[in-house]
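Laboratory data are not the source of any read-out in this text; all were calculated from the coordinates shown. The structure presented is a predicted model; accordingly, all values stated were derived computationally and were not measured. All Cβ positions, glycine included, derive from the backbone under ideal geometry; neighbour counts span all protein chains shown.
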Amino acid sequence: MSGSGLSLYEKETIITYNESPDAAEVFTYNSALMRKLDKLCEEYPEQVTCLRANNTNGAVSKEYTVPRRWIKVNAPKKGRELTEEERAAMAERLRLAREKKQAEGV
């Protein structure tokens, strides 16, 4: 049980839509998703709306409407499973590139 009065299991995200309207509704307790949707509300006020925010015993939830076409389920790309060694090599290349860029003053 977390300090908000709800367990992690109870902090759900629900996305609902049907075939008729162009909008989907997103209800969530997930703070990262709320931040993302709040930002989308600012960037696309005609398309994304925060319908309501609730704070029940310290558990914050929000409900939004978004365009239905924005709701996607994506499978991972095939053939892109990296080994730990490949991940480490990529991370090292990125670190070196950042250092080089920083040294050049860019």
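Would you mind estimating how fast the stretch 13-70 diffuses translationally, via Stokes-Einstein at 4 °C and 1.567 mPa s with the Kirkwood radius over Cα pairs, in µm²/s? Kindly include the intermediate steps, with their values, before the conclusion.
Details: Rh = 11.6 Å.
Stokes-Einstein gives a translational diffusion coefficient of 112 µm²/s.
Between the stretch 63-93 and the stretch 1-46, how far is it from one alpha carbon centroid to the other, in angstrom?
20 Å
At most 12 other Cβ atoms within 10 Å and a DSSP loop assignment: could you name the trypsin sites (Lys or Arg not before Pro) in the stretch 8-106 that fit? Mind dumping the intermediate values first?
Values: sites: Lys11, Arg35, Lys36, Lys39, Arg52, Lys62, Arg68, Arg69, Lys72, Lys77, Lys78, Arg80, Arg87, Arg93, Arg95, Arg98, Lys100, Lys101; in loops: Lys11, Lys72, Lys77, Lys78, Arg80.
In loop regions of the stretch 8-106 (DSSP not H, G, I, E or B), the sparsely surrounded trypsin sites (Lys or Arg not before Pro) are Lys72, Lys77, Lys78, Arg80.
In angstroms, what radius of gyration and Dmax does the chain have, counting Cα atoms only?
Cα only, the chain: 19.9, 56 Å (Rg, Dmax).
Find how much the distance from Tyr17 to Asn74 grows on full extension, using 0.36 nm per residue of separation minus their present alpha carbon separation; answer in nm with one decimal. Working shown, then result.
Numbers: separation 57, 0.36 × 57 = 20.52 nm, distance 1.77 nm.
Gain in length upon complete extension: 18.7 nm.
Across the chain, where is the longest run that never hits GluC sites (Glu not before Pro) in a DSSP loop with at most 16 other C-beta atoms within 10 Å? Could the numbers behind the result be given before it?
Numbers: sites that count: Glu10, Glu12, Glu19, Glu46, Glu81, Glu104.
It works out to 47-80.
Under 11 Å from the Cβ of Tyr64, count the other residues' Cβ atoms, weight Lys and Arg +1, Asp and Glu -1, and hand me the total. Mind dumping the intermediate values first?
Numbers: positive: Lys36, Arg52, Lys62; negative: Glu25, Asp38, Glu63.
Overall, the nearby charge balance is 0.
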